[in-house]
1. Can you find even one residue in the range 314-329 that is out of contact with any strand residue (DSSP E or B) (no Cβ under 9 Å at 6 or more places or on another chain), of a type in the set (A, V, I, L, M), touching a residue at least 40 places away in the same chain (Cβ under 8 Å) and not in a loop (DSSP other than H, G, I, E, B)?
2. With the condition being among the small types (Gly, Ala, Ser), modelled with pLDDT of 95 or more and over 30 Å from Asp389 (Cα atoms), I'd like the strands (runs of 3 or more DSSP E) fully within the range 216-304 carrying at least 1 qualifying residues.
3. What do you reckon, is Val36 surrounded by 17 or more Cβ atoms within 10 Å (Cβ to Cβ), within 18 Å of Thr149 (Cα to Cα) and of a type outside the set (D, E, K, R)?
4. Starting from the range 82-103, keep only residues that are under 13 Å from Ser279 (Cβ atoms), then list their pairs with residues that are aromatic (Phe, Trp, Tyr) whose Cβ atoms are within a distance under 7 Å, requiring at least 6 positions of separation or different chains.
5. So which of Asp233, Asp216 is loosely packed, with under 15 Cβ neighbours inside 10 Å and among the charged types (D, E, K, R)?
6. In the range 334-370, what residues are part of a strand (DSSP E or B) and within 21 Å of Ser315 (Cα to Cα)?
7. With the requirement that a residue be in contact with a helix residue (DSSP H, G or I) (Cβ under 6 Å, 6 or more places away or on another chain) and either outside any helix (DSSP H, G or I) or of a type in the set (A, V, I, L, M) (or both), what does the range 371-381 give you?
8. Out of curiosity, is Gly115 of a type in the set (Gly, Ala, Ser), more than 16 Å from Leu91 (Cβ to Cβ) and out of contact with any Cys (no Cβ under 6 Å at 6 or more places or on another chain)?
Amino acid sequence: MTVKQDTLEWNWAGNYSYGATEIHFPTTLEELRSLVAGASAVRALGSRHSFNSLADSDGVLVSLTALEPNIRIDAEAGTVTASAGTTYGVLAAELKRQGYALHNLASLPHISIAGAIATATHGSGDGNGNLATAVVGLSFVDAAGGLHTVSRQQTPDFAAYVVGLGMLGILTEVTLRIEADFMVAQHVYTDLPWDAVLENFDDLTSRAYSVSLFTDWRGDTVGQAWFKQRQGDGRTEEYPASLLGGTAATAQMHPLPGVSAVNCTPQLGVAGNSSDRLSHFRMDYLPSSGNEIQSEYLLPREHARAAITAMRQLSAIISPLLLVAEIRTIAADDLWLSPNYGRDGIGLHFTWRLDQGGVEAVLPLIEEALAPFDARPHWGKVFSSEAGDLAPLYPKFDQFTALAKSLDPTGKFRNDFLNRTVLGQ
């Protein structure tokens, strides 16, 4: 039986208070279909890790957390199917138990599959597409309560559905491509000189399966470089005491200087299953609150050095508000509203202090500095761009909005955020 909760309160980060009137927790697919059919406005709420109003509704919200994960592996097809509300931590643990893995994971494993793919949340790696690129099939409830299934093999416009922002329906199940489990060893270096990083940027990011650079944009050095080395993939397994002027860490590190690393995934070159290394934070650690705000901009890889230089030049206004920034690389994909549609890219991620007004004041300056590089914002994080700014950056933008209107003509799955940033209303 569905359980209704009347008060929603805040998102995980504590920077947004939901405005929906109530939230429902259906325990069966039929309950979900009935709820959607009977609502005038409804959206799905994942793990509350969006930092803006994307997930909110002008009516009611539904959470899929009461539905069983129902994880099924098809070894012959090389896929896994699970309830859309399943978290990556739960899914990765079951895959590991059966000897399989996903190609990549986000830095925090506690996010839901549906929320991550709907916003093109990514992980890192020169050759790794974002998490949504593993999707080969989707099932969803439409505005009338009908159940639909689309697949990469059989649906001509499948690439429109994956990064759907919740506008096309309520996802119920997701089928993902998987592979045999693999081992990863994580190495951390501190204080790499910026000059060396920029001069050797391509070599640096291609050195490991997944690479992250952490900085506060001040000074002459990058605070930390994390290398997630996939064993046996042909890349070097040599991580000397010094690399590009940086020093190998001799103790576990947290991305935030001075913070205990007890909840970070194991480092120091100790190999482990991919699910225990690709995320920055451990699967068994669930932070109850973020006390932070996040923004991120993704841009073509060829602009990496110029964009990084532009951010360093803004350090005087960025750094006082910043907890830490992260630079990652992501491979191109064909998903219509993915920030990496049609281009290999880099992500410039900002973890801000919990100062909504201060962050909103600096975002237009950051976006102005990144505008020459066709930077696309992460859909689930805080940005100031609207539909007029975003449409020219996505070749399939108009086709997506047309599809959304055809599937949901009355706007049941829309809200003010989507009207402003996607539909231009």
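1. Yes, the conditions are met somewhere in the range 314-329.
2. Because the criterion is at least 1 residues that are among the small types (Gly, Ala, Ser), modelled with pLDDT of 95 or more and over 30 Å from Asp389 (Cα atoms), the strands (runs of 3 or more DSSP E) in the range 216-304 that meet it are 221-230, 246-248.
3. When the stated conditions are applied, Val36 passes them.
4. Once the first residue is under 13 Å from Ser279 (Cβ atoms) and sits in the range 82-103, its partners that are aromatic (Phe, Trp, Tyr) give Ala101/Phe182.
5. Every option except Asp233 fails the conditions.
6. Listed by number, the residues that qualify are Ile346, Gly347, Leu348, His349, Phe350, Thr351, Trp352.
7. Listed by number, the residues that qualify are Asp374, Arg376.
8. The answer is no for Gly115.
The values are calculated or read from the model by the stated rules, or taken from the named source; none is laboratory data. Quick caveat, the model's predicted, so the values are computed rather than measured. Methodologically, a virtual Cβ is constructed for each residue, glycine included, from the backbone with ideal geometry; neighbour enumeration extends over all protein chains shown.
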